[in-house]
């Protein structure tokens, strides 16, 4: 596929299947639920304060509102802050072949740039968002297919931000080309496994990815030039773009049931399935043995001291599921980090890599769990794939429960209205501004 064909897909009329639009609406609202849940966490607060202090602008046309905050900052600052906020509550969507996440960057970009477009319809917004998922997915696969290092999502989801912003702002193909080149060149090629080894607020690089993508568009509009994006225009990348507009990868994204790194989910689901099937409790279990893929086995192994460590954990996540029956935002922050019952349960868990699970990564996320009970029984889960994606999708009712759990701090009427926007945006007369109005908080006086 030539660049001209890609540009026509990004900027021109687009025929998004109804099923892809519905999935896009679900991913949008799910991601906003994560954003609401992360609003009071340290990483999001620090990112918003930083954007207001150091990334502000006096020009009204260049300003955007910080979601679930109310203050104003620059377009680039708002994209950075919201993406960082979402990225640091690890409950947002992802796409297996990219080994990473799209929504945490393109959803902030949609909210930032659409604020300047009060007449943007809900359907047009969803079409732009679905298109951005498609561009980011292919950029991610192309990057992973061309380099040996495992880069964070910010390295490639910046290109999805570019595509979305250029479409909304009515840019021409040449501006798109330059912006893609700028974003790819300056995208944060940060090392994912370094963050896994030492979990921090850097997380998956998507805050910088969103900022770089937004900045690239604004710079290209001003005439700044960038080298053609290798992940888009190189001959070796062509295979990843050949089905653009035919295969809608947005429908293949997973929605996470837990605010934990996806690599841990298969083991969580395997354990949960056995606990429910055999009506077991923590007191019944002597030992838990986990076999998983190499990347999962490298997740944080000890008792976490920070929210970042908790989200990049395997043993802690399993111990939390064992003790509490579920894993929510409350378990990976505050008092959840010093839960003695969870700390005691963690001592029962061992983790090791199994080559057969490693061979199926990244297209699959497989693990198996063995329970040794105190009465001498041994129970085996068999191979289990993480729920939430096309292999084992969550029902819409479960996605809704997750949404309400994540944004529990919001008033009930507001939560209901945001969730109702999922269906409302698909109606012909709906405006995207109806949803945005539900996401803006009034700034406290003084």
In the range 235-251, is there at least one residue being in contact with a strand residue (DSSP E or B) (Cβ under 9 Å, 6 or more places away or on another chain) and either in the same structural domain as residue 97 (by TED's automatic domain parsing) or touching a residue at least 40 places away in the same chain (Cβ under 8 Å) (or both)? yes
Would you kindly identify the helices (runs of 4 or more DSSP H) lying entirely within the range 311-380 that contain at least 3 residues that are in the same structural domain as residue 284 (by TED's automatic domain parsing), surrounded by fewer than 22 Cβ atoms within 10 Å (Cβ to Cβ) and at pLDDT 95 or above? 340-346, 355-359
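Report, by residue number, each residue of the range 414-428 that is assigned to a loop (DSSP other than H, G, I, E, B), at pLDDT 95 or above and surrounded by fewer than 20 Cβ atoms within 10 Å (Cβ to Cβ).
Kept after step one, since they are assigned to a loop (DSSP other than H, G, I, E, B), are these residues of the range 414-428: 425-428.
If we keep only those that are at pLDDT 95 or above as well, we get 425-427.
Of everything in the range 414-428, those that are assigned to a loop (DSSP other than H, G, I, E, B), at pLDDT 95 or above and surrounded by fewer than 20 Cβ atoms within 10 Å (Cβ to Cβ) turn out to be 426, 427.
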Identify all residues within the range 66-83 that are in contact with a strand residue (DSSP E or B) (Cβ under 6 Å, 6 or more places away or on another chain) and in contact (Cβ under 8 Å) with a residue 40 or more places away in the chain; write none if there are none. 75
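Could you please let me know if residue 402 is surrounded by 13 or more Cβ atoms within 10 Å (Cβ to Cβ), at pLDDT 95 or above and outside the structural domain of residue 69 (by TED's automatic domain parsing)? First the steps, then the outcome.
Details: surrounded by 13 or more Cβ atoms within 10 Å (Cβ to Cβ): yes; at pLDDT 95 or above: yes; outside the structural domain of residue 69 (by TED's automatic domain parsing): yes.
Yes; evaluated as a whole, the condition is true for this residue.
What number of residues within the range 189-213 satisfy the criterion of being more than 16 Å from residue 43 (Cβ to Cβ) and not in a helix (DSSP H, G or I)? If you could, list the steps in order and put the result at the bottom.
Here is the first cut: in the range 189-213, the residues more than 16 Å from residue 43 (Cβ to Cβ) are 189, 191-194, 196-197, 212-213.
From the residues that got through so far, the ones that are not in a helix (DSSP H, G or I) too are 189, 191.
Adding up the residues that qualify gives 2.
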Selection status of residue 173, closer than 29 Å to residue 422 by Cα, surrounded by fewer than 24 Cβ atoms within 10 Å (Cβ to Cβ) and over 22 Å from the mean Cα position of the chain (by Cα): no
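Where in the range 77-171 are there helices (runs of 4 or more DSSP H), lying fully within it, with 2 or more residues that are within 22 Å of residue 393 (Cβ to Cβ)?
Details: elements: 103-114, 122-146, 154-168.
Result: 103-114, 122-146.
Any idea which of 288, 268 is over 21 Å from the mean Cα position of the chain (by Cα), crowded, with 22+ Cβ neighbours inside 10 Å and either at pLDDT 95 or above or at positive phi (or both)? Walk me through how you get there before you give the answer.
Numbers: 268 fails: over 21 Å from the mean Cα position of the chain (by Cα).
The match here is 288.
How many of the residues making up the range 394-413 are part of a loop (DSSP other than H, G, I, E, B) and either touching a helix residue (DSSP H, G or I) at 6+ places or on another chain (Cβ under 7 Å) or touching a residue at least 12 places away in the same chain (Cβ under 8 Å) (or both)?
If we filter the range 394-413 for residues that are part of a loop (DSSP other than H, G, I, E, B), which is where we start, we get 394-395, 407-411.
Right, trim to either touching a helix residue (DSSP H, G or I) at 6+ places or on another chain (Cβ under 7 Å) or touching a residue at least 12 places away in the same chain (Cβ under 8 Å) (or both) and you get 394, 407-410.
The number of residues fulfilling the criteria is 5.
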From the list 308, 296, which residue is within 24 Å of residue 330 (Cα to Cα), surrounded by 15 or more Cβ atoms within 10 Å (Cβ to Cβ) and in contact with a strand residue (DSSP E or B) (Cβ under 8 Å, 6 or more places away or on another chain)? 296
For the range 268-289, does any single residue satisfy the condition of being in a helix (DSSP H, G or I), touching a strand residue (DSSP E or B) at 6+ places or on another chain (Cβ under 7 Å) and closer than 21 Å to residue 101 by Cα? yes
Go through (1) buried (at least 24 other Cβ atoms within 10 Å of the Cβ); (2) in contact (Cβ under 8 Å) with a residue 60 or more places away in the chain; (3) farther than 17 Å from residue 210 by Cβ for residue 178 and report which single condition fails. (2)
Reported set for the range 381-392 where residues are part of a loop (DSSP other than H, G, I, E, B) and surrounded by 15 or more Cβ atoms within 10 Å (Cβ to Cβ) is 381, 383, 386, 387, 388, 389, 391
When the range 96-108 is examined, which residues are found to be crowded, with 24+ Cβ neighbours inside 10 Å and more than 19 Å from residue 313 (Cβ to Cβ)? 102, 103, 104, 105, 106, 107, 108
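The values are calculated or read from the model by the stated rules, or taken from the named source; none is laboratory data. Just so it is clear, the structure is predicted and the values come from calculations on it, not from any experiment. All Cβ positions, even for glycine, are placed from backbone atoms using ideal geometry, and neighbour counts span all protein chains on display.
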